[in-house]
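The values are calculated or read from the model by the stated rules, or taken from the named source; none is laboratory data. On a predicted model such as this, the values are computed, not experimentally measured, just so you know. Backbone-built Cβ (ideal geometry, glycine too); neighbour counts: all protein chains shown. The accessibility values were calculated without ligands, DNA or RNA, using every heavy atom of the protein model including side chains. Shrake-Rupley method; radii C 1.70, N 1.55, O 1.52, S 1.80 Å.
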Amino acid sequence: MPDLPLIDPRAARPIVFWDALDRLADARRQAAEAEALSRRALLRGGSAAIAAGITAAALPGLAYAQAPAAPAAGAPATPGQPTVIDITRARVDPIPIAIPEFIGVNPAGERFGRDIAGVISANLQRSGLFRPIDRSAFIQRPADAVTAPRFADWRVINSQALVTGRVEAQGDGRLRVEFRLWDVLPEQQIEGTAFTSTQQNWRRIAHIISDRIYERLLGEKGYFDTRIVYIAESGPRDRRVKRLAIMDQDSENHRFLTDGSWLTLTPRFHPSTNIITFMSFFQNRPRVYLFNIDSGSQQVLGDFPGMTFAPRFSPDGGSVVMSVTAGDGSNIVQLDLRGRSVRRLTSSGAIDTSPCFSPDGSQITFNSDRGGNQQLYVMDSGGGGVRRISYGEGRYATPVWSPRGDLIAFTRFGGGRFAIGVMQPDGTGERLLSEGFAVEGPTFAPNGRVLAFFRESPAGARGSGYSARLASVDITGFNERALPTPLDASDPAWSPLIP
Amino acid sequence: MKLKVLSLFAALVLVAGCESTSPTAGGAGAGAGGPRPGSQEDLVVNVGDRIFFDYDRSVVRPDQRPTLERQAAWLKQHTGVALMVEGHADERGTREYNLALGQRRANAVRNFLVANGIAPARLQTISYGKDRPACTESNEGCWSQNRRGVSVVR
């Protein structure tokens with residue numbers, strides 16, 4: 001796997017980077033327009049691009065379906081729509097769903113069909129909200145179900161929903177994937193969509209289908225068509241090699257983005273482009289950088305005499321908030337990405353760090369020891385109206401605002417233990433989700449239902465037994481799982497849904 | 001590269017210090033005639049390159065002052081030497097906060113040396129937070145060695 005060398009940011013021409021940012025922003029805007037178009041087109045039975053290089057078209061209902069085909073995703077619920085399952089209920093009682101292999105129209109399509117169904121099944125299973133039914137229990141053959149589901153056969157194995165599909169590997173290297181979601185009890189099609197893309201995109205199609213299923217059955221957006229950027233760690237603890245790395249949310253398509261020459265920390269995604277902000281010790285000058293995932297180019301952000309750290313993009317993507325050391329403390333500043341103007345938001349003399357915007361951009365939560373030890377605060381986005389929100393036992397750090405706006409997740413520590421928790425933005429309703437010797441750095445999936453964080457084990461003699469791994473957990477503390485990575489891992493950041 | 005070799009040397013000396021309480025145990029790297037005056041080896045072996053802090057504090061402890069006083073005297077003796085002062089934290093804190101805490105500790109060392117007559121221009125600072133522990137075990141014995149300010153000859 002080729003590693004991208006770390007480029008001297010002073011050698012890179014800034015204009016190149018900003019052009020890239022503008023281009024990506026344009027691409028994002030076009031994608032949003034295309035998506036809006038595609039929804040209208042799908043409702044009319046046409047086809048349109050739904051993501052980079054992927055088009056979707058509504059499938060007509062099958063004649064034997066008892067009810068007319070439901071409109072495509074995004075359309076308002078109508079009578080005849082499936083009963084949306086409450087997520088609280090699904091946690092206790094995961095939705096039983098049958099996901100036979102997608103049928104291959106040709107031999108190459110058969111392989112993709114098997115793999116796509118496998119990815120969908122694994123995604124839904126991992127969410128903890130679905131229970132894919134063992135395929136050995138299936139009565140009707142998938143090849144028959146794809147044209148005419150015999151609902152009684154799926155009811156008897158207690159399947160509430162059925163997913164069927166056909167895959168054609170076309171001569172021109174493209175892949176056509178038909179997918180239908182069926183509500184077994186009322187015997188009707190919930191959704192039918194055909195996706196066309198290059199064969200390399202088969203995993204993304206599987207993730208997009210998984211998101212459709214999640215959204216249609218649970219009434220909330222999914223989070224499967226996403227990626228996670230994090231810090232890959234290797235080597236002895238006192239000379240740890242730390243590299244930027246990225247992977248799909250299911251740990252696939254893993255790649256390293258930097259070669260480990262310099263310590264790198266705390267990557268975070270731009271809300272709508274393939275750009276990351278992170279911290280690098282490049283040439284022993286610890287500073288915040290931007291990194292373009294597509295081109296590998298990077299650039300130092302701002303020109304400050306001291307260390308800059310703890311960066312995070314604003315929700316509109318136009319600026320970064322971060323800490324800048326000042327005297328014995330650190331201030332929170334906001335740096336405009338185009339004009340590069342800097343606005344100082346705090347100057348308490350204390351350590352003010354880990355700033356994170358509310359999703360509407362109106363407020364910022366951050367971490368400060370201004371009251372004596374680390375606690376969480378919220379202020380208006382201009383820096384006024386500061387109020388403390390954490391009052392429990394111990395110290396609080398790394399606040400992150402949920403994309404839904406309803407919760408702030410944090411790291412809490414004291415008494416020799418660390419915990420990941422959530423509270424409401426006014427500081428009430430604190431709940432701990434996971435605890436351990438060391439857990440840190442929560443990051444929300446774009447639907448605000450799942451968090452990732454990292455967990456370290458204590459080190460024994462000469463550092464033996466130490467590990468750092470990623471984990472995910474539902475915001476209720478349910479369904480904690482390892483997020484597999486090739487090496488040790490820390491500082492995860494979940495992407496938005498991929499544009 | 002030179003820095004890496006030197007910090008490896010410093011680490012070896014520290015490990016040696018962990019295992020035998022005698023600070024004069026020569027051994028690693030100290031060739032015939034001892035370290036070159038004004039070098040990192042000289043600083044480590046004959047002066048002391050680091051001081052230690054209490055948990056979540058950046059005040060120079062009274063018991064650590066003699067080391068910094070020796071460093072100031074040494075710097076006055078070797079007027080051509082410039083230092084990078086590294087601030088470090090133990091693992092019992094969050095990454096971003098610890099970066100700022102490490103900076104405070106580096107500042108505390110620098111300010112002490114400046115107050116003892118060393119020109120600020122000779123002293124740069126950097127913080128590694130909790131990301132470059134000197135001692136790798138998860139116990140107070142190691143943590144107390146990791147909450148440190150280290151002077152490195154540039």
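Take the stretch A:300-319 and flag every residue that is within 14 Å of another protein chain (Cβ to nearest Cβ) and part of a loop (DSSP other than H, G, I, E, B).
If the condition is that a residue be within 14 Å of another protein chain (Cβ to nearest Cβ) and part of a loop (DSSP other than H, G, I, E, B), then A:Phe304, A:Pro305, A:Gly306, A:Met307 are the ones that fit.
Is it the case that A:Phe291 is within 30 Å of A:Ala206 (Cα to Cα), among the aromatic types (Phe, Trp, Tyr) and either touching a Leu at 6+ places or on another chain (Cβ under 7 Å) or without any contact (Cβ under 8 Å) to a residue 40 or more places away in the chain (or both)?
yes
Looking at the stretch A:275-299 only, could you name the residues that are within 14 Å of another protein chain (Cβ to nearest Cβ) and in contact with a Lys or Arg (Cβ under 8 Å, 6 or more places away or on another chain)?
Across the stretch A:275-299, the qualifying residues are A:Thr277, A:Phe278, A:Met279, A:Ser280.
For the stretch A:222-262: of the residues being crowded, with 22+ Cβ neighbours inside 10 Å and among the hydroxyl-bearing types (Ser, Thr, Tyr), which is farthest from the other protein chains (Cβ to nearest Cβ)?
A:Tyr223
Right, A:Val146: closer than 24 Å to A:Val105 by Cβ, at pLDDT below 95 and open to solvent by less than 20 Å² (accessible area, probe 1.4 Å) or not?
In short, yes.
Matching residues to (1) surrounded by fewer than 17 Cβ atoms within 10 Å (Cβ to Cβ); (2) away from chain B (no Cβ under 11 Å):
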{"residue": "A:Ala397", "(1), (2)": "no, no"}
{"residue": "A:Trp401", "(1), (2)": "no, yes"}
{"residue": "A:Arg404", "(1), (2)": "yes, yes"}
{"residue": "A:Thr411", "(1), (2)": "no, no"}
{"residue": "A:Gly427", "(1), (2)": "no, yes"}
{"residue": "A:Phe437", "(1), (2)": "yes, no"}
{"residue": "A:Phe453", "(1), (2)": "no, yes"}
{"residue": "A:Ser457", "(1), (2)": "yes, no"}
{"residue": "A:Ser464", "(1), (2)": "yes, no"}
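For B:Ala134, work out the one condition from (1) assigned to a helix (DSSP H, G or I); (2) within 10 Å of another protein chain (Cβ to nearest Cβ) it doesn't fulfil.
(1)
Would you mind stating whether A:Glu168 is farther than 22 Å from A:Phe224 by Cα, assigned to a strand (DSSP E or B) and open to solvent by 10 Å² or more (accessible area, probe 1.4 Å)?
Considered against the rule, which asks whether it is farther than 22 Å from A:Phe224 by Cα, assigned to a strand (DSSP E or B) and open to solvent by 10 Å² or more (accessible area, probe 1.4 Å), A:Glu168 comes out as yes.
What is the residue count in the stretch A:263-274 for residues that are among the hydrophobic types (A, V, I, L, M, F, W, C) and within 14 Å of chain B (Cβ to nearest Cβ)?
Qualifying residue count, the stretch A:263-274: 2.
Can you tell me which condition B:Gly149 does not meet? The list is (1) away from chain A (no Cβ under 11 Å); (2) within 30 Å of A:Gly416 (Cα to Cα); (3) surrounded by fewer than 23 Cβ atoms within 10 Å (Cβ to Cβ), and all the others hold.
(3)
Going by what's in this entry, would A:Ser295 be described as polar (S, T, N, Q) and surrounded by 17 or more Cβ atoms within 10 Å (Cβ to Cβ)? Step through it out loud before you land on a result.
Numbers: polar (S, T, N, Q): yes; surrounded by 17 or more Cβ atoms within 10 Å (Cβ to Cβ): no.
So A:Ser295 does not fit the description; no.
Which one of A:Ala489, A:Ala419 is farther than 16 Å from A:Ile246 by Cα and not in a loop (DSSP other than H, G, I, E, B)?
A:Ala419
I'm checking my understanding of the structure. Among residues of the stretch A:320-343 that are within 25 Å of the chain's Cα centre (by Cα) and closer than 18 Å to A:Pro271 by Cα, which one is nearest to the other protein chains (Cβ to nearest Cβ)?
Ranking the qualifying residues of the stretch A:320-343, first place goes to A:Met322.
Scan the stretch A:193-216 residue by residue and report those that are assigned to a strand (DSSP E or B) and open to solvent by less than 10 Å² (accessible area, probe 1.4 Å). Steps first, answer last, please.
Taking the stretch A:193-216 and keeping what is assigned to a strand (DSSP E or B), we get A:193-198.
Once the filter is applied, which keeps residues that are assigned to a strand (DSSP E or B) and open to solvent by less than 10 Å² (accessible area, probe 1.4 Å), the stretch A:193-216 yields A:Thr193, A:Ala194, A:Phe195, A:Ser197.
So, in the stretch A:344-388, of the ones that are over 23 Å from A:Arg412 (Cα atoms) and in contact (Cβ under 8 Å) with a residue 24 or more places away in the chain, which residue ends up most open to solvent (accessible area, probe 1.4 Å)?
Looking at the filtered set, the residue picked out is A:Arg344.
Which count do you get for residues in the stretch A:351-365 that are more than 9 Å from every other protein chain (Cβ to nearest Cβ) and farther than 16 Å from A:Thr443 by Cβ? I'd like the intermediate steps shown before the answer.
Going residue by residue through the stretch A:351-365, those that are more than 9 Å from every other protein chain (Cβ to nearest Cβ) are A:355-365.
Those still in the list that are farther than 16 Å from A:Thr443 by Cβ too: A:360-364.
Selection size over the stretch A:351-365: 5.
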